[in-house]
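K.L.:
My questions will all concern the structure given below.
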Amino acid sequence: MTIMHIICLQDKDEQLVEGKVDWKGRSVYRNKHGGTKSSFLILTAFAFEQMGTLALAVNLVTYFNMVMHYKISDAANHLTNFMGTSYILSIIVAYLTDGYLGRFKAVILSLFIEFLGIGLLALQAAYSKFQPPICNIFDPTAKCERVNGKNAALLFVALYLIALGSAGIKAAIPTHGADQFDEKDPKETKQMSSYFNWLLLMVSLGGSVSITLIVWVQDNKGWNWGFLISTIAILLGIAVFCGGLPQYRIHVTKGNSPMTELIQVYVAAIRNRNLELPDNAAKLYEINMDKEAALELEFLPHREVFRCLDKAAVQTSTEIDNPEQIQSPWKLCRVTQVENAKIILGMVPIFLCTIIMTLCLAQLQTFSVQQGATMDTSLSKSFNIPPASLPIFPLFSLIFLAPAYDLLFVPFARKFTGLPTGITHLQRVGVGLVLSSLSMGAAAIFEVKRKGVARDNNMLDAIPVLQPLPITVFWLVIQYFIFGIADMFTYVGLLEFFYSEAPKGLKSISTCFLWSSMALGYYLSTILVEIVNASTKKYTASGGWLAGNNINRNHLNLFYWLLSLLSLINFFVYLFVAKRYKYRPQISTDVVDIKVHGINDSGPDMGNLSK
């Protein structure tokens, strides 16, 4: 064993963790801070947060429709706009988190904002003066008054406070949890991969309670009681998360945004566009990798991709002759800075290929809930399952599938591939994209069957819930189940992919690629519904495939087939993109040891060794 490896292994439990501090700004030690114990508290807090908020994603359409008296299509659009905003705001929060606020503070602040928003919803639901007059929205002769004025303002202020808080959670909790592991340590690298799989498990556990207990309370005991339970769940999440404060490894923010450094690369590349690239990449600008700088900065090797960005690191003769003169970062950038910009640019096509999947997810949270409301939801003579609780079946299966994937499949695949994750992140994402297309195809087939039952029983104008069709709601479980498995592959794979590939200072922003794709998916859902209705208005008796409140006379099955086709086309585009993606170079353990222990090419630094 070489001296280098002896130094690496000695007193491993006493090693400082580079780039992390505790809550008081002190150095953190591997055996005292972070690791699986700290990440478990973060995951538990996330489970409580999901318990408090996931019911909104599946049941707000019903609340908008039956309590606030919006039409089904308008209710669906309000939900997708709310969900899309919560995802798109995560980019702004991530920008502040990575550069200024810090991930731990962002989580705490976001939880309190969510607590306030759901509390306002509970207040509005508890007092009739804050709601429109009670009315049967399904009675074609009734003239139901839609919520308006101050009451509408209260509703949307509460919702978008929740959206802002949820954005902060999305931006900060996954990355703060991953910060509890050191990517340079092989053992902790495997633990971090498991963390992302267990993240899905906690979403499933919290979500299962939310879409069963809380949805049932909302539908049967009152929306005010359902929102109150959600408020309590968020409060418990705050308590659990704060309980881990002394143990957390907290990422150090630099007081400036890493996004600025990316923008500098593009500006410098444009300004230097007339300069010639050197034949040898070693002539591109980079600071000296001395011991002190190596501890503070990240160094990446040059890659032969996106060569146009290399112009940002081209030095003029004046700059070469005066290396000590400080150059403007908007004119000359480090090679590592350029490589970071290349990494982010390379992830953009992958990001774009995930938008269609969220477009499909939006339909399971909106129109599939309305399908369920028309069907037989009885589990027994005395108990009916709320239609919004249908996602419990994929979530319940994921409670078993997620651990099985991590504990069985990953170790098995690891033996053949040698990868800590079993299969590559992009392979995992591709499997999910195929399954999302199959899910929409299954949804289209079962919608044909549901409408056939309504037509055969002369119940096309039956009132949902009050006059259920003689077909069990469990037919919808198949489309939910397939999409649930797609979730396990795609969204967790993307989250880990974006975190692992991102530059050190851009972890939160990189994971927001996932949330941004989901935001665009939800917004695209709103746009697509409007386009489909406008395009089919003249050719359907209902005034459009998805128009009106009577889903039995709509053409939802055709809409599902359209989504299935779009998903399949999207998958083939993804294959083209994924095959051309170049993973970021990984710094070897020896390089890390050189940085941490001060070992150079000629041998160990005996001064450091003696210390």
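The values are calculated or read from the model by the stated rules, or taken from the named source; none is laboratory data. Everything quoted here is computed from the prediction, not taken from an experiment. Positions of Cβ are generated from backbone atoms using ideal geometry, with glycine treated the same way; all protein chains shown enter the neighbour counts. These accessible areas exclude ligands, DNA and RNA; they are computed on the full protein's heavy atoms, side chains included. Shrake-Rupley method; radii C 1.70, N 1.55, O 1.52, S 1.80 Å.
K.L.:
Yes or no: the stretch 90-109 includes at least one residue that is in contact with a Phe, Trp or Tyr (Cβ under 7 Å, 6 or more places away or on another chain) and either outside any helix (DSSP H, G or I) or closer than 30 Å to PHE138 by Cα (or both).
P.N.:
No, the stretch 90-109 contains no residue that is in contact with a Phe, Trp or Tyr (Cβ under 7 Å, 6 or more places away or on another chain) and either outside any helix (DSSP H, G or I) or closer than 30 Å to PHE138 by Cα (or both).
K.L.:
Mind telling me which of the residues GLY441, GLY484 ends up being under 21 Å from the mean Cα position of the chain (by Cα), part of a helix (DSSP H, G or I) and within 28 Å of PHE571 (Cβ to Cβ)?
P.N.:
On inspection, the qualifying residue turns out to be GLY484.
K.L.:
When you go through LEU89, LEU154 one by one, which is the residue that is of a type outside the set (S, T, N, Q) and modelled with pLDDT of 90 or more?
P.N.:
Only one candidate qualifies: LEU154.
K.L.:
May I ask you to list the residues in the stretch 113-145 that are crowded, with 17+ Cβ neighbours inside 10 Å and of a type in the set (Lys, Arg)?
P.N.:
none
K.L.:
Determine if the stretch 362-374 includes at least one residue that is at positive phi and open to solvent by less than 20 Å² (accessible area, probe 1.4 Å).
P.N.:
No, because not a single residue in the stretch 362-374 is at positive phi and open to solvent by less than 20 Å² (accessible area, probe 1.4 Å).
K.L.:
If you scan the stretch 537-556, which residues turn out to be surrounded by fewer than 19 Cβ atoms within 10 Å (Cβ to Cβ) and either part of a helix (DSSP H, G or I) or of a type in the set (Lys, Arg) (or both)?
P.N.:
If the condition is that a residue be surrounded by fewer than 19 Cβ atoms within 10 Å (Cβ to Cβ) and either part of a helix (DSSP H, G or I) or of a type in the set (Lys, Arg) (or both), then LYS537, LYS538, TYR539, ARG553 are the ones that fit.
K.L.:
Looking at VAL453, VAL448, which is the one that is modelled with pLDDT of 85 or more, open to solvent by less than 40 Å² (accessible area, probe 1.4 Å) and of a type outside the set (S, T, N, Q)?
P.N.:
VAL453
K.L.:
Go through the stretch 456-479 and report how many residues are assigned to a helix (DSSP H, G or I), open to solvent by 10 Å² or more (accessible area, probe 1.4 Å) and of a type outside the set (D, E, K, R).
P.N.:
Residues in the stretch 456-479 being assigned to a helix (DSSP H, G or I), open to solvent by 10 Å² or more (accessible area, probe 1.4 Å) and of a type outside the set (D, E, K, R): 4 in total.
K.L.:
Condition first: over 22 Å from PHE138 (Cβ atoms) and crowded, with 18+ Cβ neighbours inside 10 Å. Now tell me which residues in the stretch 525-536 satisfy that. Lay out the reasoning, then the answer.
P.N.:
Our first condition is that a residue be over 22 Å from PHE138 (Cβ atoms); within the stretch 525-536, this holds for 525-528, 530-532, 534-536.
Passing the criteria: SER525, THR526, LEU528, VAL532, THR536.
K.L.:
Kindly list, by first and then second residue, each pair from a residue in the stretch 304-323 that is open to solvent by 80 Å² or more (accessible area, probe 1.4 Å) to a residue that is at pLDDT below 85 and of a type in the set (Phe, Trp, Tyr), limited to pairs with Cβ atoms under 7 Å and residues at least 6 apart or on different chains.
P.N.:
If the second residue must be at pLDDT below 85 and of a type in the set (Phe, Trp, Tyr), no pairs are left.
K.L.:
Being in contact (Cβ under 8 Å) with a residue 24 or more places away in the chain, surrounded by fewer than 23 Cβ atoms within 10 Å (Cβ to Cβ), within 20 Å of ARG428 (Cβ to Cβ) and polar (S, T, N, Q) is the requirement here; does THR175 meet it?
P.N.:
no
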